[in-house]
Amino acid sequence: METMKLRSHIGDDGILQIHTPTDFKDKSVEVVLVIQPLPDTSSTTPEKPQYNAWGKPTTKTSIRNAIARMQQLRREVALEKAAIPSMIEEGRRF
């Protein structure tokens, strides 16, 4: 007995053609057929999970939270434009 797993396509006419690479030629054989539809791979590809630097999976929510936190930090440490020239001058004195 030989077990094979093949992929094939059933045409619009409903006919399934199976081409088997086997040594059985000109013999009667018993065939067991299991039909399982495959997902349409042309439109969807399964995504591999991605992880952040701490090994936690990234999700849309975690990315949104990270962006919101970065924006909050930017507001907390923001400098006034008028203060920058005086800081540069102060830095030149050292």
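The values are calculated or read from the model by the stated rules, or taken from the named source; none is laboratory data. Model, not experiment: these values are computed from the prediction. Here the Cβ positions follow ideal geometry from the backbone for every residue, glycine too, while neighbour counts run over all protein chains shown.
Table: residues versus (1) surrounded by fewer than 10 Cβ atoms within 10 Å (Cβ to Cβ); (2) of a type outside the set (A, V, I, L, M).
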| site | (1), (2) |
| --- | --- |
| I10 | no, no |
| D13 | yes, yes |
| K27 | yes, yes |
| V31 | yes, no |
| K48 | yes, yes |
| K56 | yes, yes |
| S62 | no, yes |
| A78 | yes, no |
| P85 | yes, yes |
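Would you mind stating whether T44 is modelled with pLDDT under 85 and within 30 Å of M1 (Cβ to Cβ)?
On the way: modelled with pLDDT under 85: yes; within 30 Å of M1 (Cβ to Cβ): no.
Criteria not met by T44.
If a residue must be hydroxyl-bearing (S, T, Y) and in a loop (DSSP other than H, G, I, E, B), how many such residues does segment 55-88 contain?
Pass one, segment 55-88, residues hydroxyl-bearing (S, T, Y): 58-59, 61-62, 86.
Restricting the remaining residues to those that are in a loop (DSSP other than H, G, I, E, B) gives 58-59.
Result for segment 55-88: 2.
Would you point out which residue out of K60, K5, K56 is more than 23 Å from the chain's Cα centre (by Cα) and basic (K, R)? Before you say what the answer is, go through the steps one by one.
Numbers: K60 fails: more than 23 Å from the chain's Cα centre (by Cα); K56 fails: more than 23 Å from the chain's Cα centre (by Cα).
Result of the check over K60, K5, K56: K5.
Which residue, of T58, T3, is touching a strand residue (DSSP E or B) at 6+ places or on another chain (Cβ under 7 Å) and either without any contact (Cβ under 8 Å) to a residue 40 or more places away in the chain or among the acidic types (D, E) (or both)? First the steps, then the outcome.
Numbers: T3 fails: touching a strand residue (DSSP E or B) at 6+ places or on another chain (Cβ under 7 Å).
Unique residue meeting the criteria: T58.
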